[in-house]
Amino acid sequence: MTQDIQNFIQYLHKEKQTSVNTEVSYARDLKKMNQYLSAQGVSSVQEVTATVLNSYILFLEKEGRKPATISRSIASMKAFYHYLGQEKKLIKDPSEQLKAPKIEKKLPAILSTDEVTRLLEQPNGNSPKELRDRAMLELLYATGIRVSELISLKLTDVNLKMEYLTCSDVHKERIIPFGNIAKEALRRYLDEGRPKLVTEDSGEWLFTNCSGGAMSRQGFWKLIKAYGKKAGIEAEITPHMLRHSFAAHMVSNGADLKSVQEMLGHSDISTTQVYAQVGQKRIREVYLNAHPRG
């Protein structure tokens, strides 16, 4: 079965053009499944039954695996056996009836508008680094894009005059607007900061590190943590928290879910609906703290 798993990972990479993280996750889940099945005397995919897979899920539960981990394992198995069916290696899909455990969805952690303002105002100097940092933070909050998308932006992805940027991935492209404050931060960075940072090799990238090389996720992570601490924000701040805050603040201020979904690049609107719940939770907290009979 080991070879079948390797073929499946290659199929994901070449045909589905999945990310490295996705491929590593599938490989890890399926390797663990294969180890369990081998210990049970099941060595080929033709010997796998629904009963055997259910026993594996029970094994994961007894190991104390979290529902999210088990759900991910089930998703990996379903994708794997569906692939084997396509390859005519199976007559019946043994994973067809597997059901993922219910997962209690945690509301995403967000910053208040005051905390966001304090954070964005931290890089307030005129050095190339501070101009870059201010532009990055302003753009991240103005658009809700992912950090990976932010550091992958090219100069040609930003239309400063029309105030929008273009985010592209393997499957789709989306246009996201931004406002005057982000525009001004970007203009200053492009005019006064970037020319002092950029090198010939990094000429196409919108944001670079202080050596003129490509900006990394780790570099931005350190940057936002430092500014969060400087702003006096007690929460453990992460780059994704600005994306969550963008979405929650948009919804709480009247933006419709469909528009927010398109800006965030969510394929399913149910993923976006969680931000409406964040708004309702915040309203409830305000009521309980402010109402005399709360």
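The values are calculated or read from the model by the stated rules, or taken from the named source; none is laboratory data. Computed from a prediction, not measured in an experiment: that's the story for all the values here. Cβ sites come from the backbone with ideal geometry, for glycine too, and all protein chains shown count toward neighbours. Protein only, heavy atoms only, side chains kept; ligands, DNA and RNA dropped before computing areas. Shrake-Rupley method; radii C 1.70, N 1.55, O 1.52, S 1.80 Å.
Taking all protein chains together and a 1.4 Å probe, the residues Asp256, Asp4 rank Asp256, Asp4 from largest to smallest accessible area. Spin-label pair Ala255-Ala50: with each label point 7 Å from Cα along the Cα-Cβ axis, the two points sit 4.4 nm from one another. The HN-Hα couplings worked out from phi for the stretch 24-34 by the Karplus form 6.51 cos²θ - 1.76 cosθ + 1.60 (θ = phi - 60°) are 5, 5, 4, 4, 5, 4, 6, 5, 5, 4, 5 Hz, whole numbers, x standing for Gly and Pro.
For the stretch 65-135, the spread of Cα positions along the three principal axes, ordered from largest to smallest, is 66, 29, 18 Å. Express in % the proportion of alpha carbon pairs of the chain at distances exceeding 35 Å. For the chain, the share of Cα pairs beyond 35 Å comes to 37 percent.
Ligands, DNA and RNA aside, Arg187 has an accessible area near 80 Å² when probed at 1.4 Å.
Please say if the stretch 42-87 is rounded, prolate or oblate, where rounded means a/c under 1.5 for a ≥ b ≥ c the square roots of the C-alpha gyration tensor eigenvalues, and otherwise the choice is prolate for a/b larger than b/c and oblate otherwise?
oblate
Sorted largest first by accessible area at a 1.4 angstrom probe radius, with every protein chain in place, the residues Met250, Met136 fall in the order Met250, Met136.
Per residue, the average separation of C-alpha pairs within less than 8 Å and at least 6 apart gives the chain a relative contact order of 16 percent. Report, to the nearest whole %, how much of the accessible area of the chain belongs to carbon and sulfur atoms, 1.4 Å probe, protein only. With neighbouring chains kept in place, the figure for the chain is 51 percent.
Given N residues in the stretch 111-171, what is Rg(Cα) / (2.2 N^0.38 Å)?
The reported ratio for this selection is 1.22.
Taking square-rooted eigenvalues a ≥ b ≥ c of the alpha carbon gyration tensor, is the stretch 3-90 rounded, prolate or oblate, where a/c under 1.5 means rounded and, failing that, a/b exceeding b/c means prolate?
Values: a/c = 2.02, a/b = 1.23, b/c = 1.64.
Here the stretch 3-90 falls in the oblate category.
The calculated 222 nm mean residue ellipticity attributable to helices in the chain amounts to -17000 deg cm²/dmol, summing -39500 (n - 2.57) over DSSP H runs of n ≥ 4 and dividing by all residues. Between Ala214 and Asn209, the built amide H atoms are under 5 Å apart, and every one of these is 5 or more places off in sequence or on another chain. Amide H contacts under 5 Å for Tyr164: Asn159, Phe178, restricted to partners 5 or more places along the chain or on a different chain, H placed in the peptide plane at 1.01 Å from N.
Too long at a 25 Å Cα-Cα cut-off: which of Lys32/Lys62; Lys32/Lys66; Lys32/Lys102; Lys99/Lys172; Lys129/Lys230; Lys154/Lys222? In this structure, Lys99/Lys172 lie more than 25 Å apart at Cα.
Here the 3J(HN,Hα) profile of the stretch 107-114, calculated from phi with Karplus coefficients 6.51, -1.76 and 1.60 at θ = phi - 60°, is 5, x, 6, 10, 9, 6, 4, 5 Hz, Gly and Pro shown as x.
Our note on the geometry: Cα centres of the stretch 189-237 and the stretch 120-183, 12 Å apart. Taking a ≥ b ≥ c as the square roots of the eigenvalues of the Cα gyration tensor, the stretch 127-242 is rounded, since a/c falls below 1.5. Only Cα pairs under 8 Å and 6+ residues apart enter the sum, and on that basis the relative contact order of the stretch 140-181 stands at 32 percent. Residue-wise HN-Hα couplings along the stretch 247-264, as the Karplus relation 6.51 cos²θ - 1.76 cosθ + 1.60 with θ = phi - 60° gives them from phi, are 5, 5, 5, 5, 5, 5, 9, x, 5, 7, 4, 4, 5, 5, 4, 5, 5, 6 Hz; Gly and Pro carry x.
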